[in-house]
Amino acid sequence: MAGPVHPSNVFLIGPMGAGKTTVGSLLAKAMGREFFDSDAVLQERTGVTVSEIFEREGEQGFRRREREVIAELVQQKNIVLATGGGAVLDADNRRLLASRGTVIYLRVPLDAQLRHLRADRTRPLLQDGDPEEILKRLSSEREPLYRELCDYQVNMDGLTVRTACENIVEWLDQTPGLS
Ligand code: S3P
């Protein structure tokens, strides 16, 4: 998506199980920047888990809180931020992410996503129904948004966290105005 890019912030988007948190924290280390994960910040602030927020306030309540946290975090400079898989559903989030930093989309094939999330109990959206069907549905709704919003995509298929991180650093270094 075209628009003013804040060179110093790096935002990771993509679905659950793509590795945003692990890649993001290694990337931040490699770049000497501070790392944030919007879900972790939300959990610290509220003192409860994402699942509990969903239980008490529904997805709508979670999205409202997620929007507030993202709006605040993107005001910083020199950060790496991993966002939750559904953050791109919100138009304000998309606008802020596009205007306040460089957006990197971590793509992951469905089978790898399922492997990573098979035993997961922390993602409320996956607890009710067949994870494969749910992930496919979420992907059909969100994939176009990830693609449109990102400045760069990394296909995580077969990549280690380290290689993915090196790939991103190399792209940032090569891209004029982003280093
Ligand atoms: C969600 C993804 C989760 C978390 C919440 C909702 C989603 O984050 O924000 O469970 O809607 O895809 P991760 O993408 O970090 O798993």
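Quick notes
- Scoring 127-135, 59-67 by mean Cβ neighbours within 10 Å over their residues and listing the highest first yields 59-67, 127-135.
- Here each label is just a point 7 Å from Cα along the line to Cβ, and for residue 44 and residue 8 those points are 1.9 nm apart.
- Ellipsoid fit via the Cα gyration tensor, the chain: semi-axes of 24, 19, 15 Å, each the root of five times an eigenvalue, largest first.
- Computed on the chain, with alpha-carbon pairs under 8 angstrom and 6+ residues apart, the relative contact order is 36 percent.
- Ranking 131, 161, 119 by how far each Cα lies toward the positive end of the dipole of region 118-170 (charges on Cβ) leaves 119 at the top.
- Centroid-to-centroid, using Cα positions, region 107-179 and region 49-77 are 20 Å apart.
- Net +/- balance of residues flanking residue 146 in space, Cβ distance below 14 Å, scoring K and R +1, D and E -1: 0
- For residue 22, the accessible area of its heavy atoms, probed at 1.4 Å with every protein chain present, is near 80 square angstrom.
- Within-12-Å neighbourhood charge of residue 136 [Cβ basis; K, R +1; D, E -1]: -4
The values are calculated or read from the model by the stated rules, or taken from the named source; none is laboratory data. For clarity, every value in this text was computed on a predicted model and none was experimentally measured. Positions of Cβ are backbone-derived with ideal geometry, glycine not excepted, and every protein chain shown enters the neighbour counts. Note: areas computed on protein heavy atoms with side chains; ligands, DNA, RNA excluded. Shrake-Rupley method; radii C 1.70, N 1.55, O 1.52, S 1.80 Å.
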